[in-house]
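Just dropping this structure here.
The values are calculated or read from the model by the stated rules, or taken from the named source; none is laboratory data. Predicted, not measured: the structure shown is a model, and the values here were computed from it. Reconstructed Cβ throughout: ideal geometry from the backbone, glycine too, with neighbour counts over all protein chains shown. What goes into the accessible areas is simple: the full protein's heavy atoms, side chains included, and nothing from ligands, DNA or RNA. Shrake-Rupley method; radii C 1.70, N 1.55, O 1.52, S 1.80 Å.
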Amino acid sequence: MGMTISEKILAKHAGVEGVEPGEIISVKVDIALGNDITAPIAIKEFKRAGAKKVFDKGRVALVPDHFAPNKDIASAEQCKILRDFAKEQDIENYFETGEMGVEHALLPEQGIVTPGDVIIGADSHTCTYGALGAFSTGVGSTDLAAAMVTGETWFKVPESMKFVYTGKLPKWVDGKDLILYTIGKIGVDGALYRSMEFTGPVIDSLPMDDRFTMANMAIEAGGKNGIIAPDAITKAYVEGRMKRPPVYYASDADAVYSDVIEIDCSKLSPQVAFPHLPSNTRAVEEAGNVAIDQVVIGSCTNGRISDLRKAAAVLKGKKVAKYLRLIVIPATQQIYRQAMEEGLFDIFLDAGAAISTPTCGPCLGGHTGILAAGERSLATTNRNFVGRMGSPDSEVYLASPAVAAATAVKGVIASPEEVA
Amino acid sequence: MKFTGKVWKFGADIDTDAIIPARYLNTSDPEELAKHCMEDADPEFVNKVSPGDIILADKNFGCGSSREHAPISIKGAKVSCVVAKSFARIFYRNSFNMGLPIFESEEAYDKCDEGDVIEVDADNGVIRNITKGIEFNVAPIPPFMQQLIEDGGLMAHIEKRGK
């Protein structure tokens with residue numbers, strides 16, 4: 001019987017020939033990640049267990065990105081716990097404010113996560129790295145603590161769902177729309193405990209940044225991981241970037257899937273997820289007249305250079321609507337510099353946008369763009385739960401960078417078609 | 001394992017932002033987190049709940065963020081256990097890892113009302129609704145998870161068993 005790409009990676013890291021869904025296995029972890037919210041608890045557990053040294057100082061990554069640059073005294077204390085631990089353990093992949101970026105944009109960019117890896121992160125969006133053809137999933141702080149001690153973790157081998165994207169992507173429709181549409185179709189627990197494997201001719205030509213966006217939001221359907229088999233696009237991204245040699249896996253032709261779901265992309269419109277679930281999606285033309293107070297372009301979902309380019313293409317020569325705040329957050333320092341050098345900052349500044357240093361910030365209601373009661377934000381982020389960006393009486397709408405830019409200009413949820 | 005308490009009902013897809021909003025994540029202190037338990041799902045919850053009470057929810061409880069602060073805040077609020085039709089996977093892992101008992105039951109949510117007193121008898125795989133005098137099955141805890149509980153959580157488990 002054939003195996004899926006996820007099963008092959010898990011089998012390799014468990015040191016066995018094959019694995020089957022439902023089996024509980026112990027696997028070697030290539031990278032274990034924590035941030036300023038989750039790592040402090042992991043570090044406390046690590047110390048409480050009496051551990052002295054992490055299993056490998058080159059394979060632990062600590063990124064203070066959520067409430068950093070420190071938003072308040074308590075957050076400063078949390079970040080200090082990471083910094084002190086990084087110093088004590090000589091952690092190679094610690095990123096101070098100034099080198100820090102949003103973790104799931106930063107780690108691939110810096111070549112720290114590699115195709116063929118098993119990666120766990122105490123952050124639910126760790127599933128992002130599946131875009132590289134790695135098995136990557138979010139866990140909690142205690143799981144991170146255990147992995148920092150042993151270099152291993154346990155998994156129940158997930159069943160795999162295969163998503164086949166066919167047809168041709170219409171103008172203005174990108175990876176964000178594909179994943180929002182998919183979550184809308186299967187629901188926020190439609191892939192619960194399972195692996196989401198994204199395939200098909202549309203994926204075959206989908207740029208790397210869009211692939212990261214898709215894998216990033218697998219968790220929003222309850223998925224254990226999202227994964228795309230490496231191809232020429234992956235290899236072009238990986239070449240010369242990775243710190244360790246990549247290993248490329250692919251699913252067997254006779255691999256077993258619990259579901260195969262085909263999505264014809266030719267007639268898709270840009271999508272908007274309405275409050276308060278990512279699955280509450282509709283086509284942008286059907287959004288109706290929804291006035292927006294704040295637009296956020298950034299996050300581990302959509303803060304990469306191509307996201308900023310797409311937003312800038314819509315915003316060029318335009319002004320942000322009166323009384324609307326547009327906040328642009330490049331996800332890493334490298335993206336920040338690149339956007340500046342490409343002239344994207346001029347377009348944002350001319351439009352009346354605020355540009356922030358990299359941070360998760362408003363995505364999880366941390367800082368740099370919190371909503372008052374009754375306010376609405378349209379964001380390129382990943383969650384629109386009650387209170388996600390501030391007041392429990394505020395609302396978040398999720399969409400692509402192009403829709404976000406159009407909305408910023410119009411002041412109501414708008415299609416890029418209406419602006420460009 | 002047996003837990004008896006009053007039921008507090010919550011709907012489907014209760015996310016971890018509702019269980020413990022991110023605005024309180026600048027600490028991991030259980031007592032602090034307990035003060036805001038379930039705040040964005042029911043702001044009055046912490047004032048109403050008594051030690052030993054049970055949260056009973058529809059499907060996909062704990063979806064969203066990986067924050068272990070969510071089960072920490074529930075445990076901190078002295079809720080004895082959570083019963084739901086299903087759990088999101090990271091919340092499920094976290095609960096076993098840090099010692100919050102959780103149980104899956106298809107029937108309990110549909111057959112219990114808020115305020116009912118129920119007994120979760122994990123050893124015999126039964127939930128008894130004492131108020132209504134009815135009982136139904138609870139899914140058994142998988143053997144590996146049972147081992148985690150017996151060992152006292154994940155960290156104790158790896159200390160005890162090497163890896």
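Only one of (1) under 26 Å from A:F274 (Cα atoms); (2) in a loop (DSSP other than H, G, I, E, B); (3) touching a residue at least 24 places away in the same chain (Cβ under 8 Å) fails for A:G374. Which number is that?
(3)
Looking only at the stretch B:12-38, which residues are over 22 Å from A:E45 (Cβ atoms), buried (at least 21 other Cβ atoms within 10 Å of the Cβ) and within 7 Å of chain A (Cβ to nearest Cβ)?
Residues satisfying the conditions are B:D13, B:D15, B:D17, B:A18, B:P21.
For the stretch B:39-79, which positions are at the interface with another protein chain (Cβ under 10 Å from one of its Cβ atoms), in a loop (DSSP other than H, G, I, E, B) and hydrophobic (A, V, I, L, M, F, W, C)?
Of everything in the stretch B:39-79, just one residue is at the interface with another protein chain (Cβ under 10 Å from one of its Cβ atoms), in a loop (DSSP other than H, G, I, E, B) and hydrophobic (A, V, I, L, M, F, W, C), namely B:A41.
Test each condition in (1) among the aromatic types (F, W, Y); (2) under 25 Å from A:R383 (Cα atoms); (3) open to solvent by 10 Å² or more (accessible area, probe 1.4 Å) for B:F3 and report the one that comes out false.
The failed condition is (2).
Identify the single condition in (1) touching a residue at least 12 places away in the same chain (Cβ under 8 Å); (2) within 14 Å of chain A (Cβ to nearest Cβ); (3) touching a strand residue (DSSP E or B) at 6+ places or on another chain (Cβ under 7 Å) that B:F144 does not satisfy, given that it satisfies every other one.
Status for B:F144: all satisfied but (1).
How about the stretch B:80-163: which strands (runs of 3 or more DSSP E) wholly inside it have at least 3 residues that are touching a Lys or Arg at 6+ places or on another chain (Cβ under 6 Å) and under 18 Å from A:K156 (Cβ atoms)?
Qualifying strands (runs of 3 or more DSSP E): none found.
Is there a residue in the stretch A:57-74 that is touching a Leu at 6+ places or on another chain (Cβ under 7 Å), within 10 Å of chain B (Cβ to nearest Cβ) and in contact (Cβ under 8 Å) with a residue 24 or more places away in the chain?
For the stretch A:57-74, residues touching a Leu at 6+ places or on another chain (Cβ under 7 Å), within 10 Å of chain B (Cβ to nearest Cβ) and in contact (Cβ under 8 Å) with a residue 24 or more places away in the chain: present.
Testing A:T150 on (1) touching a helix residue (DSSP H, G or I) at 6+ places or on another chain (Cβ under 9 Å); (2) crowded, with 20+ Cβ neighbours inside 10 Å, one condition comes back false. Which one is that?
The one condition A:T150 does not meet is (2).
Those residues that are within 14 Å of chain B (Cβ to nearest Cβ) and either of a type in the set (A, V, I, L, M) or assigned to a loop (DSSP other than H, G, I, E, B) (or both), I need them from the stretch A:386-408; list them, please.
We begin by selecting, within the stretch A:386-408, every residue within 14 Å of chain B (Cβ to nearest Cβ); these are A:386-396, A:398.
Answer for the stretch A:386-408, where residues must be within 14 Å of chain B (Cβ to nearest Cβ) and either of a type in the set (A, V, I, L, M) or assigned to a loop (DSSP other than H, G, I, E, B) (or both): A:V386, A:G387, A:R388, A:M389, A:S391, A:P392, A:D393, A:S394, A:V396, A:L398.
Here is a further query. If you take the residues in the stretch A:35-53 that are in a loop (DSSP other than H, G, I, E, B) and crowded, with 24+ Cβ neighbours inside 10 Å, which one is nearest to the other protein chains (Cβ to nearest Cβ)?
Taking the stretch A:35-53 as the starting set, the residues that turn out to be in a loop (DSSP other than H, G, I, E, B) are A:36-38, A:49-53.
Next, from what is left, pick out any that are crowded, with 24+ Cβ neighbours inside 10 Å: A:36-38.
Details: A:D36: 9, A:I37: 5, A:T38: 7 Å.
The extreme case among them is A:I37.
Now for a separate question. Out of B:E104, B:E159, I need the residue that is within 15 Å of the chain's Cα centre (by Cα) and within 14 Å of chain A (Cβ to nearest Cβ). Which one? Steps first, answer last, please.
Details: B:E159 fails: within 15 Å of the chain's Cα centre (by Cα).
Unique residue meeting the criteria: B:E104.
Let me ask something additional. When you check A:A145 against the structure, is it facing chain B (nearest Cβ under 9 Å), in contact with a Phe, Trp or Tyr (Cβ under 9 Å, 6 or more places away or on another chain) and open to solvent by 10 Å² or more (accessible area, probe 1.4 Å), yes or no?
Working: facing chain B (nearest Cβ under 9 Å): yes; in contact with a Phe, Trp or Tyr (Cβ under 9 Å, 6 or more places away or on another chain): yes; open to solvent by 10 Å² or more (accessible area, probe 1.4 Å): no.
Spelling it out, it is not the case that A:A145 is facing chain B (nearest Cβ under 9 Å), in contact with a Phe, Trp or Tyr (Cβ under 9 Å, 6 or more places away or on another chain) and open to solvent by 10 Å² or more (accessible area, probe 1.4 Å).
Checking A:I370 against (1) open to solvent by less than 50 Å² (accessible area, probe 1.4 Å); (2) within 14 Å of another protein chain (Cβ to nearest Cβ), which single condition isn't satisfied?
Every condition holds for A:I370 apart from (1).
Let me ask something else. Based on this model, can you work out whether A:I179 counts as free of Cβ contacts under 8 Å to residues at least 40 places away in the same chain and assigned to a helix (DSSP H, G or I)? Steps first, answer last, please.
Working: free of Cβ contacts under 8 Å to residues at least 40 places away in the same chain: no; assigned to a helix (DSSP H, G or I): yes.
The answer is no for A:I179.
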